[in-house]
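Heads up: the structure comes next, in structure tokens.
The values are calculated or read from the model by the stated rules, or taken from the named source; none is laboratory data. Remember, it's a predicted structure, so these values are computed and weren't measured experimentally. Glycine also receives a Cβ, built like all others from the backbone with ideal geometry; neighbour counts cover every protein chain displayed. Heads up: the accessible areas ignore ligands, DNA and RNA and are worked out on the full protein's heavy atoms, side chains in. Shrake-Rupley method; radii C 1.70, N 1.55, O 1.52, S 1.80 Å.
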Amino acid sequence: MTREEKTQIINSIAEQLQQYPHFYITDISSLNAEQTAKLRRMCFEKEVKLMVVKNTLLGKALEQVGGDHVEEISSVLTGSTSVMFSMVNKTPAVLIEEFRKSSDKPVLKAAYVEESVYVGDDQLKTLASIKSKEELVGEIISLLQSPVKNVISALQGSAGGKVAGLVKALEEKGGAA
């Protein structure tokens, strides 16, 4: 591989690192062709980009992009390495868990999720349980709607009749005075 080709690959990886807010570094070695094709298909369906990379080129791309996470992630760049890029924080973790029901790979080396670094395969459950931005927004909206729904249902129910009666009585007293 020429120096120019290496530079192009480093720039391509760096571009992906900047484009996607979350990435997982995994080891998919020892998967046969059928398993690899299945993993790639699952990634495609879940909008996760899977890329097999050379450790030195990924390390240089990380340095090019910069950030506090470079040193921690560079420490896991040994052996066979692939990167899963995703727009949704937990999608690759859920995908890995699902795939590992039938295989012992991919093994999680590290992940960069929500501007934090997670190192080691033991972090997979934690990553899979992180709520996405959309899930958090949905929960907040439902929490905010709950008190409003309670007030509306109370006003529409028998308590609502009492409240309406009190308001009418107060209006009549105010008009009589």
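Just one of Glu47, Glu15 is assigned to a helix (DSSP H, G or I) and either charged (D, E, K, R) or modelled with pLDDT of 90 or more (or both); which is it? None of the other options fit; the residue is Glu15. Pairs linking a residue in the stretch 59-73 that is at negative phi to a residue that is among the acidic types (Asp, Glu) and outside any helix (DSSP H, G or I), with Cβ atoms under 9 Å and 6 or more positions apart or on different chains, are Asp68/Glu115; His69/Glu115. Within the stretch 77-106, being open to solvent by 10 Å² or more (accessible area, probe 1.4 Å), farther than 14 Å from Gln35 by Cα and outside any loop (DSSP other than H, G, I, E, B) holds for Thr91, Val94, Glu97. Out of Lys125, Lys109, one residue alone is under 17 Å from the mean Cα position of the chain (by Cα), within 16 Å of Val53 (Cβ to Cβ) and not small (Gly, Ala, Ser). It is Lys109. Out of the residues in the stretch 1-34 that are in contact (Cβ under 8 Å) with a residue 24 or more places away in the chain and over 26 Å from the mean Cα position of the chain (by Cα), which is nearest to Ser82 (Cα to Cα)? Per the criteria, the residue is Ser30.
In this entry, Ser129 is excluded by the filter for residues that are in contact with a Leu (Cβ under 7 Å, 6 or more places away or on another chain) and surrounded by fewer than 18 Cβ atoms within 10 Å (Cβ to Cβ).
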